Amino acid sequence: LCCCYCCVLVMWRLPGMFVHDTKTRLLWFDQRSLEEPLMFQLVGIVLGLAIYNGVILDVRFPLVVYRKLLGAQRMTLQDLETVAPDTAEGLRKLLAFDGDVENTFALTFEASVDVFGDVRTVELVPGGSQTPVTASNREEYVQQYVNHLLNSSIAAQFTPFCAGFRLLCDGPAMSLFRPEELEQLVCGLPHLDMYALEDHTTYDGDLTKDSDCVKWLWETVHSMSVDEKKRFLSFVTGNDRVPIGGLGKLKFTIQGNGPDTDRLPTAHTCFNTLLLPAYSSPERVREKLLTAIENARGFGMK
């Protein structure tokens, strides 16, 4: 619970620290950020706390972030594709171009960045502004450009972020993880197996798995679209991601909340508990549940 509150207190600062790519729908470090390094360290600590406490976060970074957290130094075009797919595609076209590279592209070993309307250039190598990109050195240019975007340009933000993470998650055991596995520990799994959730749900109050309203509830859940299932999971747990091991590992409880009523179902997300009135028909269960999940708002960041 304390970890959840930490997430709420820190993540509201994300817009000033990270940029959200509308194409990849992922977060990346904002090299123009005015936030103190301590704030990036705190976000790293929150990620470490989430893993330590088994809390799934609705914070999506590209896989390269987890590669870097595990110590990877040399970045590739494949890594860049997860951060800036359009830029990566442009660099691939440069590498594949069959013609006069120097005069066609007119590039030098420099990178540009827009800092609040002020376009600044950075040399990728010493004397880069005077070094044209040619067919013979374009592979070096691409590697230097990728390294700049994924390493040096965000070093001021990533270094404290990584230090904060490693305050809680460090040691020889970290070498056993692949980046994909580390990402799953933070963000959970994408697949929603509601039958596994149903099989491992416990019941409280005057409800059992054989109660009519419970049967109608699961019929409604299984008939939902993927987006509706995510909303349901977010409604009852505070997050639409699946914990490691699948939904069968989630401790989920459905508790009775009185007789049939016009009130909507409610949830205690900190305890993964759904409070369900004993609605009198499957139509009422569906209507009330969908209304509840469509209009619910919590601490999640959009």
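The values are calculated or read from the model by the stated rules, or taken from the named source; none is laboratory data. Please read these numbers as outputs of a predicted model, since none were measured by experiment. Positions of Cβ are generated from backbone atoms using ideal geometry, with glycine treated the same way; all protein chains shown enter the neighbour counts. Each accessible area value is taken on the protein alone, full model and side chains, heavy atoms only, with ligands, DNA and RNA left out. Shrake-Rupley method; radii C 1.70, N 1.55, O 1.52, S 1.80 Å.
List of remarks:
- Counting only helices (runs of 4 or more DSSP H) wholly contained in region 159-251, no element carries 3 or more residues that are among the small types (Gly, Ala, Ser) and either out of contact with any Gly (no Cβ under 6 Å at 6 or more places or on another chain) or under 30 Å from PRO37 (Cα atoms) (or both).
- Among the residues of region 144-157, those identified as open to solvent by less than 20 Å² (accessible area, probe 1.4 Å) and either of a type in the set (Val, Ile, Thr) or in contact with a strand residue (DSSP E or B) (Cβ under 6 Å, 6 or more places away or on another chain) (or both) are VAL146, ILE154, GLN157.
- Check on ASP240, over 24 Å from SER280 (Cβ atoms), of a type in the set (D, E, K, R) and open to solvent by less than 50 Å² (accessible area, probe 1.4 Å): yes
- Output for region 252-287, where each listed residue is part of a loop (DSSP other than H, G, I, E, B), in contact (Cβ under 8 Å) with a residue 40 or more places away in the chain and touching a Leu at 6+ places or on another chain (Cβ under 7 Å): PHE252
- Taking region 165-216 as the range and being hydrophobic (A, V, I, L, M, F, W, C), surrounded by 15 or more Cβ atoms within 10 Å (Cβ to Cβ) and without any contact (Cβ under 8 Å) to a residue 60 or more places away in the chain as the test, the residues that pass are LEU189, LEU192, MET194, ALA196, LEU197.
- MET75 satisfies every condition listed in (1) part of a loop (DSSP other than H, G, I, E, B); (2) at pLDDT below 90; (3) not β-branched (Val, Ile, Thr) except (2).
- Against the test of being in a helix (DSSP H, G or I), hydroxyl-bearing (Ser, Thr, Tyr), under 18 Å from GLN143 (Cβ atoms) and open to solvent by 40 Å² or more (accessible area, probe 1.4 Å), the options THR104, THR82 yield a single qualifying residue, THR82.
- Of the residues making up region 244-275, those that are open to solvent by less than 60 Å² (accessible area, probe 1.4 Å) and over 31 Å from the mean Cα position of the chain (by Cα) are GLY256, ASN257, GLY258, THR261.
- Number of residues in region 199-238 that are among the charged types (D, E, K, R) and in contact with a strand residue (DSSP E or B) (Cβ under 9 Å, 6 or more places away or on another chain) equals 4.
- If you go through region 36-64 and pick out every residue that is crowded, with 16+ Cβ neighbours inside 10 Å and acidic (Asp, Glu), you end up with 1.
- Any chance ASP227 is closer than 29 Å to VAL186 by Cα, among the acidic types (Asp, Glu) and surrounded by fewer than 17 Cβ atoms within 10 Å (Cβ to Cβ): yes
- Qualifying positions in region 107-119 - surrounded by 10 or more Cβ atoms within 10 Å (Cβ to Cβ) and either of a type in the set (Asp, Glu) or farther than 15 Å from ILE154 by Cβ (or both): LEU107, THR108, PHE109, GLU110
For every residue, the table says whether it meets (1) touching a residue at least 24 places away in the same chain (Cβ under 8 Å); (2) outside any loop (DSSP other than H, G, I, E, B); (3) open to solvent by less than 40 Å² (accessible area, probe 1.4 Å).
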| position | (1), (2), (3) |
| --- | --- |
| THR87 | yes, yes, no |
| THR121 | no, yes, no |
| VAL125 | no, no, yes |
| VAL142 | yes, yes, yes |
